[in-house]
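> Please read through the structure below; I'll follow up with questions.
The values are calculated or read from the model by the stated rules, or taken from the named source; none is laboratory data. Note that the coordinates shown come from a computational prediction; the quantities given were computed from them, not determined experimentally. Don't worry about glycine lacking a Cβ; one is built from the backbone with ideal geometry, like all the others, and counts go over all protein chains shown. The accessibility values were calculated without ligands, DNA or RNA, using every heavy atom of the protein model including side chains. Shrake-Rupley method; radii C 1.70, N 1.55, O 1.52, S 1.80 Å.
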Amino acid sequence: MVLEVKKPRPIWEILFSTHHTDIGLLYVYMSITALIIGGSLAMGIRAELFTPGTGDIIPDSNTFNRIFTVHGTNMLFFWLIPFASGIGNYLIPIMVRYKDMAWPKLNAVAFWMLPVAMALVWLGFADTTWNAYPPYSILKAPGPAAEMWIFGLKIAGISSVLGAINFIVTILKMKHPDLPLMKTSLFVWSTLVTSLMIVVAIPTFAAALIMLYTDRLGISGFFNPAMGGDPIAYQHLFWFTFHPEVYIFLIPAVGMLYELIPKFSRKPIFSYQSGVAAFVLLALVGFASWAHHMYSTGMSFTEKTVFMVGTLAAVPASAMHVFNWIATMWGGRIKFAAPMSWAVGGIVLFFYAGAGGIVNTAMPLDFLTHDSYWVVGHFHLFVAGLVTMAFIGFTYYMFPFITGRMYNERQAMIAFWLFFAGLSIVFLTQHILGLYGQPRRVFDYVPVQPLIIMNQIASVGGWMAGAGAGVFLYSIITAAFKGKPANMNDPFAIGEQYYDYTRREPHH
Amino acid sequence: MGHTTVEWVYVGVVVAILCYVGADAWNVERILDITNAPAEAEVIKVTGQQWLWTFEHEDGRKEISELHLVKGKPYRFEVTSLDVIHAFNMPDFTTLIDAVPGRINSVWLVPDQSGEYLIQCREYCGFSHYQMRAKLIVEDHEGGPSVANAAAELPSKGAEAIAS
Ligand code: HEM
Ligand SMILES: [Cu+2]
């Protein structure tokens with residue numbers, strides 16, 4: 001058994017490694033770093049909004065705009081996507097019984113593009129918002145920050161396409177011949193579907209980024225109305241990539257939950273086929289709803305209707321996953337160890353998030369919620385709620401298998417309660433703020449009740465979640481060095497067989 | 001197998017709820033659509049620019065950062081922008097439409113309550129996005145004094161109601 005953290009190796013050997021577990025862990029370290037530093041920006045945003053008035057802790061509106069732009073960009077592209085790639089790298093070859101990823105060197109290249117992309121985004125500190133809508137992003141956003149943002153995302157996009165191709169080939173071509181696809185873990189399915197979606201969705205935005213750049217240089221006017229361009233065309237290109245992308249964020253987390261829920265319920269998955277069907281359905285229908293982000297751009301009634309129907313059609317797939325989890329837990333002897341608690345907490349928030357999403361989708365109601373704090377609450381319940389909670393739960397789950405050590409269960413549960421309660425408070429409150437009309441991306445708000453008190457409640461919730469993330473980080477760092485040796489046959493004492501997560505080829 | 005029956009029933013219920021939501025949303029949006037704007041509606045040209053709103057009435061009257069309407073009268077707002085994308089938003093009347101340079105987007109409204117309300121920008125537009133606000137004054141009668149100014153600073157009627 002090769003345990004990555006226990007056996008000390010020189011750092012350069014890890015950095016230049018092309019072995020899938022090394023690359024996987026590098027992704028994980030980088031993404032957890034992004035979670036923590038991106039999270040601290042959010043703490044600053046909530047501190048500024050704790051009281052009305054400007055300059056409480058962030059000196060001016062431009063700095064504030066840069067902070068939320070980098071927060072959003074960082075969390076989506078350097079936390080969610082790389083963490084999923086990291087776990088995928090670590091587990092997929094093991095789960096398809098192959099010695100490594102199909103192209104180990106390409107795999108290392110794909111990883112090492114990310115720190116470069118991340119450095120560009122952080123050092124540039126753009127104020128474009130993560131959507132970078134023109135004409136603002138091409139005519140007004142200060143450079144070189146905006147250029148660095150464009151190149152950062154460009155590189156991150158190429159990295160994720162390369163990674164996705166590697167996953168697709170590893171799963172479809174390198175899978176052990178005795179192992180039919182329908183017998184692989186649902187996590188393998190989730191990675192396969194996500195990778196296929198990446199390959200189809202990302203090129204559109206990649207093209208849009210080039211157009212943004214040449215528009216900024218003034219040599220083209222794709223999105224510049226003064227040169228006959230159309231800024232709304234950008235929004236179509238953007239959301240054609242990024243609505244599917246929200247499922248790209250989601251599906252790996254769903255795959256991880258399919259590993260966790262049956263294990264800690266001590267029952268087999270209720271319906272494997274239904275899980276596969278829901279993945280495939282979501283991947284297909286997910287491409288039919290992008291313009292639900294654009295109801296207010298002046299689309300015709302017919303266009304709005306088409307995209308509303310497309311969006312609603314994707315909901316049953318998500319609902320099927322929730323059903324599958326609940327049916328798996330039903331009548332099981334559930335053990336609420338830390339990984340399971342994080343997983344179930346995520347599912348609770350997923351449910352609220354989906355309900356809110358349906359409100360956004362219903363055309364007349366979207367004019368209430370669009371670009372208000374409601375939307376901020378909605379998508380955070382997904383990305384911070386379900387996805388991040390599943391990722392952290394899965395980190396705790398894999399921890400003994402990777403390090404040979406056990407984390408402190410009490411710390412993991414304190415982190416869970418702080419994070420779960422904090423998220424519920426901040427994001428449900430933000431829905432209400434939205435209904436009172438508070439726009440998103442604002443440095444200040446009208447100083448009246450109940451806006452003030454609601455913002456204060458939201459800030460306290462945000463800080464609680466921040467504290468939870470801090471305890472999480474503390475617990476895994478201390479346990480990696482000083483944790484008790486784990487019982488490798490049954491680290492969670494649930495009396496079940498585990499997937500042989502440590503069965504893999506030695507380093508080469 | 002009972003196994004799958006439960007799941008089919010569940011999916012059926014979800015689909016039924018979604019159909020209901022979709023049909024209802026379709027029906028309401030159809031009525032609110034711009035093609036249903038009353039023919040006699042007064043056209044108000046709304047222009048957003050970094051970071052203020054200007055309004056031009058049909059009779060040529062111009063207002064900056066303030067808009068006077070009359071209760072019960074239909075209006076048609078033709079919204080555009082001079083620079084970047086803004087969004088013309090009157091949260092108390094759930095009126096929201098993007099102000100896009102090079103395009104004119106339209107919405108219609110019959111204000112059914114007099115008083116003073118907030119107009120704000122709802123699409124990120126740079127440095128002073130957060131204070132790109134204007135005042136909406138709905139008068140009871142043409143040319144009459146505005147009825148309430150108590151709500152002057154309030155973001156919404158709902159907020160005022162909760163506060164009192
Ligand atoms: C039941 C499924 C879902 C429905 C019906 C739904 C619906 C919507 C709608 C209609 C909007 C546009 C709101 C607006 O701007 O007015 C929206 C925004 C958003 N949703 Fe969802 N959504 C769903 C699932 C998800 C998932 C799974 C994720 C991510 C994991 C997600 C992430 C987002 C994000 C990031 C935005 C805001 C983007 C932005 O403007 O910055 N959604 N959703
Ligand atoms: Cu979407």
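> Go through the range A:362-397 and count every residue that is within 14 Å of chain B (Cβ to nearest Cβ) and among the β-branched types (Val, Ile, Thr).
Going through the range A:362-397 one residue at a time, the tally reaches 3.
> Sort out which residues of the range A:311-361 are within 21 Å of the chain's Cα centre (by Cα), more than 14 Å from every other protein chain (Cβ to nearest Cβ) and farther than 20 Å from A:PHE419 by Cβ, and write them in order of number.
none
> For the range A:104-115, give me each residue that is under 25 Å from the mean Cα position of the chain (by Cα) and surrounded by fewer than 21 Cβ atoms within 10 Å (Cβ to Cβ).
If the condition is that a residue be under 25 Å from the mean Cα position of the chain (by Cα) and surrounded by fewer than 21 Cβ atoms within 10 Å (Cβ to Cβ), then A:PRO104, A:LEU106, A:ALA108, A:VAL109, A:TRP112, A:MET113, A:PRO115 are the ones that fit.
> For a quick check of your reading of the model, give me the residue pairs whose first member lies in the range A:486-502 and is over 18 Å from A:GLU409 (Cα atoms), whose second is β-branched (Val, Ile, Thr) and open to solvent by less than 20 Å² (accessible area, probe 1.4 Å), with beta-carbon atoms closer than 7 Å and at least 6 apart or on different chains.
A:TYR501/A:ILE94
> Would you please list the contacts, defined by Cβ atoms under 7 Å and residues six or more apart or on different chains, that run from a residue in the range A:327-352 that is closer than 14 Å to A:LEU260 by Cβ to a residue that is of a type in the set (Ser, Thr, Tyr)?
These pairs meet every condition: A:THR328/A:SER265; A:MET329/A:SER265; A:GLY332/A:SER265; A:ILE334/A:SER265; A:ALA338/A:TYR396; A:PRO339/A:TYR396; A:PRO339/A:TYR397; A:TRP342/A:TYR396.
> Also, I was wondering about something else. What are the residue pairs meeting all of these: first residue in the range A:272-284, first residue more than 13 Å from A:SER185 (Cα to Cα) and within 11 Å of chain B (Cβ to nearest Cβ), second residue among the hydroxyl-bearing types (Ser, Thr, Tyr) and buried (at least 23 other Cβ atoms within 10 Å of the Cβ), Cβ atoms under 8 Å, and 6 or more apart or on different chains?
Every condition considered, the pairs that remain are A:ALA278/A:SER318.
> Among (1) open to solvent by less than 30 Å² (accessible area, probe 1.4 Å); (2) of a type in the set (Gly, Ala, Ser); (3) free of Cβ contacts under 8 Å to residues at least 24 places away in the same chain, which single condition is A:GLY55 missing?
(1)
> So, of the residues in the range A:360-406 that are aromatic (Phe, Trp, Tyr) and farther than 25 Å from B:ASP92 by Cα, which turns out to be most open to solvent (accessible area, probe 1.4 Å)?
A:PHE382
> Does B:GLY102 satisfy the condition of being modelled with pLDDT under 95 and more than 10 Å from every other protein chain (Cβ to nearest Cβ)?
Judged against the criteria, B:GLY102 is not a match.
> Inside the range A:315-359, can you point out the residues that are open to solvent by 20 Å² or more (accessible area, probe 1.4 Å) and of a type in the set (A, V, I, L, M)?
Of everything in the range A:315-359, those that are open to solvent by 20 Å² or more (accessible area, probe 1.4 Å) and of a type in the set (A, V, I, L, M) turn out to be A:VAL315, A:MET320, A:ILE326, A:MET329, A:ILE334, A:VAL344, A:VAL348, A:ALA355, A:ILE358, A:VAL359.
> Right, something else. With respect to the numbered conditions (1) part of a helix (DSSP H, G or I); (2) open to solvent by 10 Å² or more (accessible area, probe 1.4 Å); (3) modelled with pLDDT under 95, which one is the sole condition not fulfilled by A:ILE158?
(3)
> Here is a further query. State which residue pairs qualify: first residue farther than 20 Å from B:GLU123 by Cα and open to solvent by 10 Å² or more (accessible area, probe 1.4 Å) and inside the range A:235-257, second residue among the small types (Gly, Ala, Ser) and near ligand 1 (Cβ under 10 Å from one of its atoms) in any location, beta carbons under 6 Å apart, and separation of 6 or more residues or different chains.
Every condition considered, the pairs that remain are A:TYR247/A:GLY286.
> May I ask you to say which residue of A:LEU428, A:LEU433, A:LEU423 is in contact with a helix residue (DSSP H, G or I) (Cβ under 6 Å, 6 or more places away or on another chain) and away from every other protein chain (no Cβ under 14 Å)?
A:LEU423
> Here's a follow-up. Among the residues of the range A:287-310, count how many are more than 8 Å from chain B (Cβ to nearest Cβ) and of a type in the set (Val, Ile, Thr).
So the answer is 2.
> Counting only residues that are surrounded by fewer than 19 Cβ atoms within 10 Å (Cβ to Cβ) and not assigned by TED's automatic domain parsing to the domain that holds B:ASP140, give me the strands (runs of 3 or more DSSP E) lying completely in the range B:32-130 with at least 3 of them.
none
> Just name the residue that is nearest to ligand 2 (Cβ to nearest atom) out of those in the range A:204-262 that are of a type in the set (D, E, K, R) and away from chain B (no Cβ under 14 Å).
A:GLU245
> Is it the case that A:PHE416 is farther than 30 Å from B:GLY22 by Cα and either away from ligand 1 (no atom under 16 Å from the Cβ) or within 14 Å of chain B (Cβ to nearest Cβ) (or both)?
yes
> Another question, then. Among the hydroxyl-bearing types (Ser, Thr, Tyr) and modelled with pLDDT of 95 or more: which single residue out of A:SER341, A:SER318, A:SER296 fits that description?
A:SER341
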